[in-house]
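Worksheet for the structure shown next.
The values are calculated or read from the model by the stated rules, or taken from the named source; none is laboratory data. In this text the structure is predicted, and so the values were computed from the model without any measurement. Ligands, DNA and RNA are stripped out before the accessible areas are found, and what is left, the full protein with its side chains, is counted by its heavy atoms. Shrake-Rupley method; radii C 1.70, N 1.55, O 1.52, S 1.80 Å.
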Amino acid sequence: MSDFSILWGIIPILAVVAYLALIVVALMQVFNSTMPTNTKLLWLIVILIAPFIGSLIWFAVGRNSAVL
């Protein structure tokens, strides 16, 4: 078995782990934010319906507005 075949076997596993970590961290930050409950619920729905895009939007926009 060559080194490249091992690498191509590990890359999908790392991608799935990174994907799940992104979603879990976004959800944890939403739960721990100081936002009102209805705003948290809205963010949770966005992240659960569209996990990848919702998480990216949370990190780009939502996290900054959570401080306000």
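Some points to look at:
- All C-alpha to C-alpha distances of the chain, sorted into 5 Å bins beginning at zero, yield P(r) values of 3, 18, 24, 18, 10, 8, 7, 6, 4, 2, 1 percent in whole numbers.
- Between 0 and 90 degrees, the angle of helix 37-49 with respect to the longest Cα principal axis of the chain falls at about 30 degrees.
- In degrees, nearest ten, helix 3-32 long axis to first principal axis of the chain (Cα): 10 degrees
- Relative contact order, percent, the chain [alpha-carbon distance under 8 Å, six or more residues apart]: 32 percent
- Accessible area of the chain divided out per residue, in Å², using a probe of 1.4 angstrom: 73 Å²
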